[in-house]
Every structure is written in C-alpha cells, then in structure tokens.
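Everything on this sheet refers to the single structure shown next.
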Amino acid sequence: GIWYTATTFAFFLFGGLLALLMRIQLAVPNNDFLSAELYNQVFTTHGSVMMFLFAIPIFEALAILIMPEMLGARDLPFPRLSAFGFWAFVIGGLFLCGSIFFDAAPRGGWFMYPPLTSAYQPDIGADIWLLGFSFIEVSAVAAAVELIVGVLKCRPPGMRINLIPLYCWYTLVAAAMVLFAFPPLIAGSLLLELERAFGWPFFDPGGGGDPVLWQHLFWIFGHPEVYIVFLPSVALVAMIVPTLARTPIVGYAWIVLAAVGTGFLSFGLWVHHMFTTGLPGISLGFFSAASEAVAIPTGVQFFCFIATLMVGRVTRSTPLLFLIGGLATFVFR
C-alpha cells in the first residue's frame with residue numbers, strides 16, 4: 001500500500017509538470033515553447049496520467065493501505081496479487097510516461113478516438129498508449145479483486161456486513177464498479193490494436209466498422225470511472241463527518257443504499273458524453289433522465305452528512321472548515 005501510494009503521487013507529480021508545460025505554451029499568443037506535435041503529446045499524456053495513473057490508483061492504493069486496520073485484519077487476502085497489480089501498474093505507467101522522452105508518446109487525446117488514432121496516426125504513439133494501458137487495466141482489476149474479497153472475507157468475528165465502516169462499503173462498491181467498467185475498455189483497446197496492427201476494420205467505416213463503437217466502449221468505462229473516483233472521496237467524508245461531530249453517522253443504511261444506487265446508475269449514463277454523435281432521440285432522452293436521476297442518491301448522502309453535523313457536538317476546527325468547504329464546492333458545481 002505504501003509503495004502503491006508513493007508511486008501514484010510520483011505519477012501525479014509528473015502529470016503536474018506536463019500541465020505546467022501546457023500552461024507555459026498557452027500563456028502568450030503565438031508562443032513557440034512547444035511545437036504543435038509535442039503539445040498534443042503532452043496534452044494526451046497528461047490526461048492519461050491524471051486519469052489512469054493517479055485518480056483511480058490512488059483510491060486503490062489508499063484502500064490497500066488502511067482497510068486492513070479498519071477490518072482488524074493482518075493483511076488483505078492475496079498479497080501476491082497486490083504485488084502483481086502494483087508492478088503491472090509501474091510497468092504500464094513507465095511505458096506511457098517514458099514515451100514522451102523519445103518523441104513516441106500518443107497524441108490523440110486521453111480518449112483516443114479513432115480514426116484520429118488509427119488512420120491518421122501511423123506511428124507507434126497510439127500503440128504505446130494501448131500497450132501501457134493493457135498493464136494498467138490488469139493492475140486495476142487485480143486491485144479490485146483484492147479489495148472485494150478483503151471486505152467480504154477478512155472481517156473479524158461479530159462484524160457483520162451491516163456493521164462494517166462506511167469506508168469499506170464505498171470501497172466495495174467502487175471495486176465492483178472497476179470489475180464491470182474495465183472489461184469494455186480492455187475489449188476496445190484490443191480491437192483498436194488489432195485494427196492498427198493488422199488492418200482489421202472495427203472502427204473503419206470503409207471496411208464496415210464504426211468509429212462510434214469506440215466511443216461506446218470507452219465511455220461505458222469512462223462514465224462509471226467518474227464515480228469510481230467520486231465514491232472513495234465521499235468515503236473519506238463519511239468517516240470524517242461522524243468523527244468531527246462526535247456522534248454516529250445519521251442514516252447508515254440510507255448512505256449504503258445511496259452508494260450502491262450511485263454505482264448502479266453510473267452504468268446508464270455514458271451516452272451523455274456522446275450527444276453530438278447522431279444517436280436516436282429516445283436514447284438521448286433515456287440517458288438524460290438517468291443523468292438527472294444519479295443526483296438523487298448523491299443528495300441522500302449529503303443530507304445524511306449535514307444531519308450528522310447538526311445532531312452532533314461539533315467542535316470548530318480547521319478540518320471542519322475544509323469539510324464544509326468541500327461539501328459546498330461540490331454542491332455549487
């Protein structure tokens with residue numbers, strides 16, 4: 001867990017440096033600090049690093065680090081699987097990040113839409129992205145299996161599933177989402193590499209393929225991924241609120257149901273990233289409704305947090321101000 005956390009922050013630092021390079025380029029008009037080609041590489045690598053090498057791995061790394069203590073366990077059940085996932089994560093990250101130093105980084109955006117990343121990028125940049133992500137995807141699934149089995153099988157005697165800390169519930173939901181969200185991305189990555197390497201026209205309209213298919217496969221992963229990042233963040237809030245209020249959390253069962261509901265609904269939202277692709281109007285209406293519906297379980301969680309603060313004996317402190325500021329910022333956005 002310590003290695004995992006330290007490595008994710010190292011990638012986070014690298015992604016931040018890439019962001020600074022983009023800021024320098026955009027600081028003044030007609031700047032030639034970065035060439036157009038290098039800017040696209042920096043942009044793509046930055047987005048990929050922040051999303052796949054920090055946002056998701058930091059949740060898994062922190063959970064692997066602290067969840068055994070919450071469950072009263074010596075360790076999670078499969079330490080070798082954790083080690084395998086960690087080294088796969090490192091290898092994939094080094095492939096992706098190191099490519100930019102050899103002018104071989106991907107440059108099609110972190111979403112890698114074809115035909116931009118197939119017909120119009122014949123060099124190895126997209127292949128490096130696909131290769132690195134193969135390792136990263138395996139790593140994420142391995143960590144998810146570790147966390148799910150850990151929550152379900154490593155509880156001490158007497159700690160029934162309805163008594164586990166809320167952090168463990170959120171981790172269980174997010175890890176289950178990883179198991180269902182990553183296979184479409186794995187399938188899409190495999191198909192795109194087959195198209196690039198062997199000319200199989202999965203996303204080429206000239207050969208009977210459809211570039212929108214990639215968008216479906218990517219966003220079936222990409223939107224649940226938003227909540228894979230969001231839920232572990234709320235999990236920390238769910239543990240901090242009752243501590244600061246010095247009282248048990250209000251609505252434990254409602255929060256659990258809301259977390260499960262958020263995870264379930266998140267798999268029915270992906271088309272709201274694709275409203276301009278010409279899909280039928282009834283599909284757009286369905287996904288618009290689902291996009292609104294996901295706010296309901298989110299609201300349930302926030303009202304439970306507010307109720308806990310209201311019924312508790314809150315002490316004014318700096319962590320409390322950060323907590324209230326975080327909740328307010330999320331609601332305003």
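The values are calculated or read from the model by the stated rules, or taken from the named source; none is laboratory data. None of these values were measured; they are calculated from a predicted model. Positions of Cβ are generated from backbone atoms using ideal geometry, with glycine treated the same way; all protein chains shown enter the neighbour counts. Side chains are part of the model used for accessible areas, which takes the heavy atoms of the whole protein and leaves out ligands, DNA and RNA. Shrake-Rupley method; radii C 1.70, N 1.55, O 1.52, S 1.80 Å.
Between ILE164 and residues 5 or more places away or on another chain, which pairs have amide H atoms under 5 Å apart, with H built 1.01 Å from N, and which residues are they?
none
With every protein chain kept in the model, how would you rank PHE198, PHE11, PHE330 by accessible area, 1.4 Å probe, largest at the top?
PHE198, PHE330, PHE11
Take the Cα atoms of the range 202-304, find their three principal axes, and give me the spread along each one in whole Å, biggest first.
64, 23, 18
Post the alpha-carbon centroid distance, the range 41-64 to the range 139-174, in whole angstrom.
22
If you take the C-alpha gyration tensor of the range 1-155, multiply each eigenvalue by 5 and take the square root, what semi-axes do you get, largest first, in whole Å?
Those come to 34, 17, 11 Å.
What would the Debye formula give as log10 I(q)/I(0) at q = 0.07, 0.09, 0.14, 0.16 Å⁻¹ for the alpha-carbon point model of the chain, no solvent?
Values returned for q = 0.07, 0.09, 0.14, 0.16 Å⁻¹ are -0.33, -0.54, -1.21, -1.42.
Dividing the convex hull volume of the Cα atoms of the range 36-108 by its residue count, what figure in Å³ per residue is obtained?
78
Averaged per residue, what accessible surface does the chain expose to a 1.4 Å probe, in Å²?
Computed with neighbouring chains in place, this is 48 Å² per residue.
Averaging sequence separations of C-alpha pairs under 8 Å and six or more residues apart, then dividing by the length of the range 37-173, give the relative contact order as a whole percent.
37
For a quick check of understanding: with a 1.4 angstrom probe and all protein chains in place, what accessible area in square angstrom does LEU94 have, to the nearest ten?
Using a 1.4 Å probe on the heavy atoms, I get roughly 110 Å².
Test of understanding: in a Gaussian network model of the chain with alpha carbons linked when under 10 Å, which of GLY199, GLY263, GLY92 would top the mean-square fluctuation ranking?
Evaluated over the chain, the most mobile residue of the options is GLY199.
On a 0 to 90° scale, report how tilted helix 2-26 is relative to the longest principal axis of the chain, with both axes built from alpha carbons and the result rounded to the nearest 10.
For helix 2-26, the angle is close to 50 degrees.
Taking the 0 to 90 degree range and rounding to the nearest ten, how far is the long axis of helix 166-198 tilted relative to the main principal axis of the chain, both from C-alpha atoms?
Tilt relative to the chain: about 10 degrees.
Just to check I understand the Karplus step: with θ = phi - 60° and J = 6.51 cos²θ - 1.76 cosθ + 1.60, what whole-Hz values come out for the range 97-107, glycine and proline as x?
3J(HN,Hα) across the range 97-107, in whole Hz: 6, x, 5, 5, 7, 10, 6, 10, 7, x, 9.
If packing is taken as the average number of other Cβ atoms within 10 Å across a peptide's residues, how do 30-43, 271-284 rank, most packed first?
So the peptides 30-43, 271-284, ranked by packing, come out 30-43, 271-284.
For the range 268-328, just the Cα set please: Rg and Dmax, both in angstrom.
Both quantities, over Cα of the range 268-328: 18.1, 54 Å.
Can you give the log10 of the normalised intensity I(q)/I(0) at q = 0.11, 0.13 Å⁻¹, computed with Debye over equal Cα scatterers of the range 57-148?
Log-scaled intensity ratios, in q order: -0.41, -0.53.
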